[in-house]
Structures are given as C-alpha cells and as structure tokens.
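Single-structure report; data block below.
Bear in mind these aren't lab numbers, they're just calculated from the coordinates by the rules spelled out. A quick note: this is a predicted structure, and the numbers were derived from the prediction, not measured. As a convention, Cβ positions derive from the backbone with ideal geometry for all residues, glycine included, and neighbour counts pool all protein chains shown.
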Amino acid sequence: MKLLVAFALIASLGALAQAEEEYCHNSVVTACSSSTFSALTGFFTGETNSICNARFAGIEHVEPEVQAYINSQLTKSYEYLLLATHFNSYQKNRPGFQKLYQGLSDRSFEDSIALIKQITKRGGIVDFNSRHESAASVSTKRPTLEVDELHSLALALDNEKQLATGATHIHTRAIHATERDPEMAHYIEEEYLGKQAESVRKLSGYANDLAKLMKVPDPSLSIYLFDEYLQKQ
C-alpha cells in the first residue's frame, strides 16, 4: 500500500513538472510567434511585436547615431577614393598620395561593413534611405576634391577629425543616455576611438611636414621627395 501511494505521489509530481515545462514552452512559442506576419514584415520595416530579438540595453537610443556614422564612413570612403583617383592620374602622378588615400578609403569602407554587422548583431536594421542628423553625421556639402598635395592633406585631416568626433559622440551617447549601452560603448572605444586618434596624429604630422618643405621658391622637388616617402609607408 505504501509503495502504491509513493508511486502515485511520484507520478503526480512528474505530471505537474511536465505540465509546467509545457506551459513555459508554450508561453515562449506564443511570445515569439504572437504575430507571424508581423515578424516577417518587421524584418523589412524594423517593427515587430515579437520579444524574441537581439535588442537590449540602450540600443534604441544609439542605433540612429550609429546609422548616421555608417553613412559618414561611406561618404568619406568615396571622397578618399576620388582623391586617390585624382593623384593617380597621369597629370598628377603621385603614387604615394594615391596609396595614402586608397588606404583611407578602404579603411572607411571596412569600418562601414563592421558597423553594419554590429547593428544587425544587436537586432537592428540599417536603412540607407533614412537620414538622422547628429554629431555623427557629416556635412552634405560636397567638397572640392581636385586640390594640390598640401590642401588634400588638410582635407583628409578635417575628414578624420569629423569621424573621430562622430565616434566620440556615439560613445558618449551610449554611456550617458537614459538607457545606457555599455556593449556599444565598449565596441566603439575598442574599434574606432584609438584608430581615429592615430589617423589624426599621422595626417596632422604629414600636413605640417609638407607645409614646411614647401616654404621654398620652387617646391616641386620637395613634393616629389615627400611622395616618395609616402610610398614607403
């Protein structure tokens, strides 16, 4: 008799545990598929009622800033590419400057891809048709890119400072917003702030060195030697 009671008790506890497990499972399934059509359309619109996503912390506050920064990186990438093409022409024939600006163009493009991956990892969607004005944005005014060597370095230095300012703005927003996003702040700090500081330092040094070399009646030899130096970097 005691054995039968014990068996019945164990069976009832097992049934209760199984019911609880099924309840949790059903709740999750219901929550994640509360609207299958909404989940499908939300992939393209960025709006869905499903709670089964990768969004957490303050991504809602920093996502528009990162979107603006992606647009900035892409814009600067194409500007650097145009500068590289300008100095690669047979008229200019400055392979050192071409190498410098081609490298900056490739770096900005790769940074754009990395930021897109970061946003999608956090459950966001990059919309290139939207424009969010912030400190992470760049000016829509199209600069004159057919410039001489010294002015091209000054233009590149301004670009790098703008990108550094944009990265700093995202980092500040991620830390000091109402809903903080430490993961995004850490990512920007690790991947962009140090790299932009190095780039600003390098270009400011180039600009100052070339400006000093050009303080002669005929700076053509100085520019040639400086271009040779850039080829070796």
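A few comments on the model shown:
- Qualifying chymotrypsin sites (Phe, Trp or Tyr not before Pro) for the stretch 48-123 [loop in DSSP, other Cβ within 10 Å: at most 14]: PHE56, TYR90
- Computed P(r) (all Cα pairs; the stretch 85-216; 5 Å bins; percent): 2, 8, 15, 21, 19, 13, 10, 7, 4, 2, 1, 0
- Other residues with beta-carbon under 10 Å from the beta-carbon of GLU60 carry, at +1 per Lys or Arg and -1 per Asp or Glu, a net charge of -2.
- With a threshold of 25 Å on the Cα-Cα distance, the over-threshold entries among LYS76/LYS215; LYS195/LYS215; LYS121/LYS195 are LYS76/LYS215; LYS195/LYS215.
- Remark: the ASN53-MET214 segment gains 52.2 nm on full extension, using 0.36 nm per residue and subtracting the alpha carbon distance.
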